[in-house]
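Participant: Dropping the structure in here first, questions after.
The values are calculated or read from the model by the stated rules, or taken from the named source; none is laboratory data. For clarity, every value in this text was computed on a predicted model and none was experimentally measured. Because the Cβ atoms are built from the backbone with ideal geometry, glycine has one as well, and the counts that use them run over all protein chains shown. Note: accessible area is taken over every heavy atom of the protein model, side chains too, but ligands, DNA and RNA are not part of it. Shrake-Rupley method; radii C 1.70, N 1.55, O 1.52, S 1.80 Å.
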Amino acid sequence: AQTCSNAPVALYDSEHTSQALRRIRVEADLKDAIDQQLLEVFFQPQVNVSTKEVVAAEALVRWKHTELGMISPGEFIPIAEENGMIVALGEVVFIKTLKTLKTLDKLGCSVPISINIGSDHFLMHNFVSWCSEAVEREQVPVQFVKLELTESTLLNSVEEGVKVLSQLRSKGFKIALDDFGTGYSSLSYLLELPLDQLKIDKQFVDMLDKDKRSENLLSHLVGLAHELDLQVVVEGVENEAQVSFMEHADADLIQGFYYYKPLPQQEFVYLLSKPVN
Ligand code: C2E
Ligand code: CA
Ligand code: CA
Ligand code: CA
């Protein structure tokens, strides 16, 4: 639009107003979407770096709003975290993922599936017993259930984090540290945590295309994780050069659009159940 001297201020205001209105709308409708089971769960396959087989997956929530269309989790998850709906949302995703694991189990093609857990959810006093009861009720082999937690969730309180993670692992759950390297946490804190897997964030992978030095950094991160007996998943791999670097760096799993985008439940189950030729 053409501008006169006053216009930028006016534009700025109206943009803010519409952003605020959208937020109010999204917040109000999210509650209904959770209650009415309108949220879906997609599954993004994770591929073994050497064999290229699908060996695991991450559950990712999807919301198709009847009027606004697809709303990205990048928009509504932060809102849900602020207003406490993340617990109800997390429970929906958890149960849907267990049902998918149950389906895979019946077909004889189970793989571990990761579920993202918000901070307030993880810190609920009954989180561990709620998870265990759900797994028992749905009759899913617990070793296929992996919980993904971010640095900031776990470092809210390291002591509490260590305690809850230990309880979860003693029940048989697997634990992944998500978005590794994006926070400002000290490595020594992270090393205290009982973990199974480390997920290296996409921003490190993106650096590969821009800065040679990031190759060294990534190789060292993988080496460090392996010394701690942690499996390494690399997120956001989009091209062949990144794939061959991850082979060279000896990462374990790749999760990225180069192989698969998040798939609807049925497509994901079909992918795993069809015989490999
Ligand atoms: P995240 O946990 O880091 O999940 C990975 C995100 O990276 C997903 O975005 C996935 O679609 C995207 N991704 C994977 N590979 C590639 C790639 O090669 N290129 C690009 N450009 N993107 C890739 P998504 O599904 O939009 O989710 C965004 C964030 O929203 C997640 O980041 C997570 O923090 C949150 N989230 C999603 N689902 C849930 C959920 O069920 N519960 C909670 N608490 N948070 C969730
Ligand atoms: Ca994640
Ligand atoms: Ca991540
Ligand atoms: Ca992320």
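Participant: Please name all residue pairs, on different chains or six or more residues apart, with Cβ atoms under 7 Å, provided the first residue is in segment 58-70 and is more than 16 Å from ligand 2 (Cβ to nearest atom) and the second residue is aromatic (Phe, Trp, Tyr).
Facilitator: Once the first residue is more than 16 Å from ligand 2 (Cβ to nearest atom) and sits in segment 58-70, its partners that are aromatic (Phe, Trp, Tyr) give TRP63/PHE76.
Listed here are the residues, each with its yes/no results for (1) among the hydroxyl-bearing types (Ser, Thr, Tyr); (2) open to solvent by less than 90 Å² (accessible area, probe 1.4 Å); (3) closer than 29 Å to GLN197 by Cβ.
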| position | (1), (2), (3) |
| --- | --- |
| GLN19 | no, no, no |
| ARG25 | no, yes, no |
| ALA28 | no, yes, no |
| LYS31 | no, no, no |
| ILE34 | no, yes, yes |
| GLN37 | no, no, no |
| VAL47 | no, yes, yes |
| LYS52 | no, yes, yes |
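Participant: Could I ask something else about it? Can you report the number of residues in segment 190-203 which are within 11 Å of ligand 3 (Cβ to nearest atom), over 28 Å from GLU133 (Cβ atoms) and not in a loop (DSSP other than H, G, I, E, B)?
Facilitator: Going through segment 190-203 one residue at a time, the tally reaches 4.
Participant: For segment 218-230, state whether one or more residues are in contact with a helix residue (DSSP H, G or I) (Cβ under 7 Å, 6 or more places away or on another chain), under 29 Å from CYS109 (Cα atoms), in a helix (DSSP H, G or I) and among the polar types (S, T, N, Q).
Facilitator: no
So that you can scan it fast, the table gives a plain yes or no per residue for (1) of a type in the set (A, V, I, L, M, F, W, C); (2) at pLDDT 95 or above; (3) within 16 Å of ligand 2 (Cβ to nearest atom):
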| position | (1), (2), (3) |
| --- | --- |
| PHE173 | yes, yes, yes |
| GLY183 | no, no, yes |
| TYR189 | no, no, no |
| ILE200 | yes, no, yes |
| LYS210 | no, no, no |
| ASN216 | no, no, no |
| GLU235 | no, yes, yes |
| TYR259 | no, yes, no |
| LYS274 | no, no, no |
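Participant: Looking at VAL269, is it in a strand (DSSP E or B), out of contact with any Gly (no Cβ under 9 Å at 6 or more places or on another chain) and closer than 30 Å to ARG169 by Cα?
Facilitator: In short, no.
Participant: Looking only at segment 81-90, which residues are assigned to a loop (DSSP other than H, G, I, E, B) and surrounded by 17 or more Cβ atoms within 10 Å (Cβ to Cβ)?
Facilitator: Once the filter is applied, which keeps residues that are assigned to a loop (DSSP other than H, G, I, E, B) and surrounded by 17 or more Cβ atoms within 10 Å (Cβ to Cβ), segment 81-90 yields only MET85.
Participant: In segment 194-238, how many residues are surrounded by 14 or more Cβ atoms within 10 Å (Cβ to Cβ) and at positive phi?
Facilitator: 1
Participant: Right, next: Quick one: which helices (runs of 4 or more DSSP H) lie wholly within segment 91-189 and hold at least 1 residues that are open to solvent by 60 Å² or more (accessible area, probe 1.4 Å), in contact (Cβ under 8 Å) with a residue 24 or more places away in the chain and farther than 25 Å from ASP229 by Cβ?
Facilitator: 119-122
Participant: Starting from residues that are more than 7 Å from ligand 1 (Cβ to nearest atom) and part of a helix (DSSP H, G or I), keep the ones in segment 43-80 and report whichever is farthest from LEU123 (Cα to Cα).
Facilitator: Once the filter is applied, the top-ranked residue is GLU75.
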